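S.K.: Quick one: structure below, then a few questions.
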Amino acid sequence: MKKLNFPYPFNGFCGTTFLNCFSSVYMFLENVAAGGSDYDCRQLRGKGCNSCGNCGQGGSTPISRQERYFFLFDTMCGRSSLRCRFDGTPTETQDMICEHDFYDGGTERNVDFIFGFAGYEYRKVTGDFKAEITASIDAGKPVIAKVKTGKGRCRVIIGYDNANSRHDKLLEPDYKNAQDLPKKACKYDDILALYVVGEKIEPRYTLKDGLERIVKVIEYNKSEKLWEEYANKIGLYGAGSLGGTGIEEKKARLKRVAETMEHTWNCHNFAEVFRNYREGGDASAYDAVGDMKRLRNPAFREFFDQISGPCYGYTHDLAWALVGLNETADWTRHVYKTGYFGEMAELTLCQIQKNDEGVLACVRKILEILEGTQ
């Protein structure tokens with residue numbers, strides 16, 4: 001039996017997705033301090049977050065430190081810029097970044113980007129799992145395993161127990177803060193592939209590459225008119241609008257908008273990265289990754305302010321409002337007037353679209369300045 005000391009937590013923004021697992025493994029590889037908390041965090045006691053706000057005010061716990069790396073990788077790979085179709089059909093950029101779960105960020109192209117951005121070699125392995133895991137653990141490195149089924153498709157292997165060859169066991173960390181916890185321990189037969197961590201290298205992808213990915217995703221959302229599709233479906237007037245639908249269809253469409261807002265909260269992850277580069281923020285966790293220190297340029301501050309508050313801080317609040325509207329709408333009263341809920345939602349979605357365009361303009365400006373200072 002051999003087990004690595006892996007005291008790193010997982011965050012509650014998603015399940016055991018590739019991004020969640022990689023962020024924790026990255027902390028291990030970089031020997032990031034795991035212990036200690038300067039305030040009472042409910043999550044450290046195995047309870048749900050109560051939005052106390054301490055972590056956003058400079059407070060620090062192992063979970064908040066892991067979240068920062070998650071936000072960084074999530075944003076630079078483009079996942080936190082994704083928007084989804086009204087009918088749920090995966091978009092081209094979703095297919096590039098995600099696999100089965102909108103929150104995953106684990107397609108092969110994206111896995112390569114994240115390892116390359118973080119500055120580590122890796123190998124994808126599809127066979128001889130026992131030998132590969134044993135060799136990696138013996139070398140002092142955990143392994144990320146992609147499993148065949150489950151909502152969160154990845155696991156972190158931190159050890160093995162092969163004292164009895166008939167009952168080989170894989171050892172995993174405690175995933176307790178993640179959503180949709182795995183229902184059973186990972187076994188060799190559950191594994192589809194392994195991502196075996198190699199040597200630390202000069203990053204193959206830079207800040208500029210990450211920003212360009214963000215631009216590509218937001219430009220795609222815009223060119224595909226994803227928000228216009230929602231506005232057409234949820235508005236009261238016009239072809240295909242709420243006006244000609246019954247009460248059940250009105251409910252279904254507003255519910256779909258609320259479901260989409262659950263995805264649109266990824267704007268929080270995006271804003272947190274740039275927010276921490278504002279004056280008074282703490283971007284020390286990011287500075288050690290690749291060439292992220294280039295964001296220290298004072299010329300960027302106005303763009304960070306715009307992204308943080310008027311754009312994605314605002315989008316985050318508006319998304320909550322639409323979720324709340326769906327949860328509290330009284331469909332039993334004023335049946336005709338319930339169509340006006342759609343008009344309210346349409347107006348809100350138009351503002352969210354403007355916020356996306358504002359962020360796109362800011363990122364383009366940051367890229368222009370970066371390219372001029374090389």
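S.K.: Could you say which residue among G342, G358 is crowded, with 17+ Cβ neighbours inside 10 Å and modelled with pLDDT of 95 or more?
M.R.: Values: G342 fails: modelled with pLDDT of 95 or more.
From the options G342, G358, the qualifying one is G358.
S.K.: If you check Y220 against the conditions, is it part of a strand (DSSP E or B) and either within 20 Å of L19 (Cβ to Cβ) or under 20 Å from the mean Cα position of the chain (by Cα) (or both)?
M.R.: Working: part of a strand (DSSP E or B): no; either within 20 Å of L19 (Cβ to Cβ) or under 20 Å from the mean Cα position of the chain (by Cα) (or both): yes.
It is false that Y220 is part of a strand (DSSP E or B) and either within 20 Å of L19 (Cβ to Cβ) or under 20 Å from the mean Cα position of the chain (by Cα) (or both).
S.K.: Tell me which of these D305 doesn't satisfy, since it passes every other one: (1) among the charged types (D, E, K, R); (2) closer than 20 Å to G358 by Cβ; (3) assigned to a helix (DSSP H, G or I); (4) modelled with pLDDT under 95.
M.R.: Unmet for D305, out of (1) among the charged types (D, E, K, R); (2) closer than 20 Å to G358 by Cβ; (3) assigned to a helix (DSSP H, G or I); (4) modelled with pLDDT under 95: (4).
S.K.: Continuing with the same structure: Please go through the range 159-200 and give me each residue that is of a type in the set (S, T, N, Q), in contact (Cβ under 8 Å) with a residue 40 or more places away in the chain and over 17 Å from T149 (Cα atoms), ordered by number. Spell out how you get there, then give the answer.
M.R.: Taking the range 159-200 first, the residues of a type in the set (S, T, N, Q) are 162, 164-165, 177, 179.
If we keep only those that are in contact (Cβ under 8 Å) with a residue 40 or more places away in the chain too, we end up with 162, 177, 179.
Within the range 159-200, N162, N177 qualify.
S.K.: Turning to a different aspect of this structure: Given the options N31, N54, N50, name the one that is surrounded by fewer than 23 Cβ atoms within 10 Å (Cβ to Cβ) and either basic (K, R) or at pLDDT 90 or above (or both).
M.R.: Numbers: N54 fails: either basic (K, R) or at pLDDT 90 or above (or both); N50 fails: either basic (K, R) or at pLDDT 90 or above (or both).
On inspection, the qualifying residue turns out to be N31.
S.K.: Of everything in the range 60-89, what is assigned to a helix (DSSP H, G or I), charged (D, E, K, R) and over 17 Å from F18 (Cα atoms)? Give them in sequence order.
M.R.: So in the range 60-89, the residues assigned to a helix (DSSP H, G or I) come out as 62-76, 79-81.
With charged (D, E, K, R) added as a condition, the list becomes 65, 67-68, 74, 79.
Correct list: R65 only.
So that you can scan it fast, the table gives a plain yes or no per residue for (1) surrounded by fewer than 19 Cβ atoms within 10 Å (Cβ to Cβ); (2) assigned to a helix (DSSP H, G or I); (3) not assigned by TED's automatic domain parsing to the domain that holds D330:
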site: G210; (1), (2), (3): no, yes, yes
site: V215; (1), (2), (3): yes, yes, yes
site: E229; (1), (2), (3): yes, yes, no
site: N232; (1), (2), (3): yes, yes, no
site: E248; (1), (2), (3): yes, yes, no
site: A252; (1), (2), (3): yes, yes, no
site: E259; (1), (2), (3): yes, yes, no
site: H263; (1), (2), (3): yes, yes, no
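S.K.: Cβ-Cβ below 6 Å, separation at least six or inter-chain, first residue in the range 309-328 and on the phi < 0 side of the Ramachandran plot and among the β-branched types (V, I, T), second modelled with pLDDT of 95 or more and surrounded by 13 or more Cβ atoms within 10 Å (Cβ to Cβ): which pairs?
M.R.: Qualifying pairs under 6 Å: T315/C267; T315/I352; T315/N355; V323/A258; V323/M261.
S.K.: What are the residues in the range 235-277 that are more than 19 Å from N355 (Cα to Cα) and among the basic types (K, R), if any?
M.R.: Listed by number, the residues that qualify are K250, K251, R253, K255, R256.
S.K.: Being crowded, with 19+ Cβ neighbours inside 10 Å, among the basic types (K, R) and over 30 Å from L226 (Cα atoms) is true for just one of K124, K146. Which residue is that?
M.R.: On the way: K124 fails: crowded, with 19+ Cβ neighbours inside 10 Å.
When all the criteria are applied, what remains is K146.
S.K.: Restricting to the range 269-302, and then to whatever is part of a helix (DSSP H, G or I) and among the basic types (K, R), can you tell me which residue is nearest to S60 (Cα to Cα)?
M.R.: R275
S.K.: Limited to the range 329-350, what total is found for residues that are assigned to a helix (DSSP H, G or I) and touching a residue at least 40 places away in the same chain (Cβ under 8 Å)? Working first, answer last.
M.R.: Step one: filter the range 329-350 for residues assigned to a helix (DSSP H, G or I), giving 336-350.
Narrowing the set further to residues that are touching a residue at least 40 places away in the same chain (Cβ under 8 Å) leaves 338-343, 345-346, 349-350.
The qualifying residues number 10.
S.K.: Okay, next question. Just one of the numbered conditions (1) small (G, A, S); (2) closer than 19 Å to F115 by Cβ; (3) over 20 Å from the mean Cα position of the chain (by Cα) is not true of A145; which one?
M.R.: If we test A145 against (1) small (G, A, S); (2) closer than 19 Å to F115 by Cβ; (3) over 20 Å from the mean Cα position of the chain (by Cα), just (3) comes out false.
S.K.: Taking V215 as the residue in question, decide whether it is touching a residue at least 40 places away in the same chain (Cβ under 8 Å), touching a strand residue (DSSP E or B) at 6+ places or on another chain (Cβ under 8 Å) and within 29 Å of F274 (Cα to Cα). Give the derivation first.
M.R.: On the way: touching a residue at least 40 places away in the same chain (Cβ under 8 Å): yes; touching a strand residue (DSSP E or B) at 6+ places or on another chain (Cβ under 8 Å): no; within 29 Å of F274 (Cα to Cα): yes.
Against the criterion (touching a residue at least 40 places away in the same chain (Cβ under 8 Å), touching a strand residue (DSSP E or B) at 6+ places or on another chain (Cβ under 8 Å) and within 29 Å of F274 (Cα to Cα)), V215 does not qualify.
S.K.: Looking only at the range 283-295, how many residues end up being at pLDDT 95 or above and either more than 25 Å from the chain's Cα centre (by Cα) or surrounded by fewer than 19 Cβ atoms within 10 Å (Cβ to Cβ) (or both)?
M.R.: 3
S.K.: Same structure again: Quick one: which residue in E327, E371 is surrounded by fewer than 15 Cβ atoms within 10 Å (Cβ to Cβ), at pLDDT below 95 and within 17 Å of E262 (Cα to Cα)?
M.R.: It is E327.
S.K.: For the structure I just gave you, tell me whether F86 is modelled with pLDDT under 95, closer than 22 Å to W227 by Cβ, touching a helix residue (DSSP H, G or I) at 6+ places or on another chain (Cβ under 8 Å) and of a type outside the set (A, V, I, L, M).
M.R.: Values: modelled with pLDDT under 95: no; closer than 22 Å to W227 by Cβ: yes; touching a helix residue (DSSP H, G or I) at 6+ places or on another chain (Cβ under 8 Å): yes; of a type outside the set (A, V, I, L, M): yes.
No; evaluated as a whole, the condition is false for this residue.
S.K.: Those residues that are under 21 Å from R79 (Cβ atoms) and either without any contact (Cβ under 8 Å) to a residue 40 or more places away in the chain or assigned by TED's automatic domain parsing to the domain that holds L82 (or both), I need them from the range 356-374; list them, please.
M.R.: Passing the criteria: only A361.
The values are calculated or read from the model by the stated rules, or taken from the named source; none is laboratory data. No experiment lies behind these values; they were computed from the predicted model shown. With ideal geometry, Cβ positions are generated from the backbone for all residues, glycine too; neighbour counts draw on all protein chains shown.
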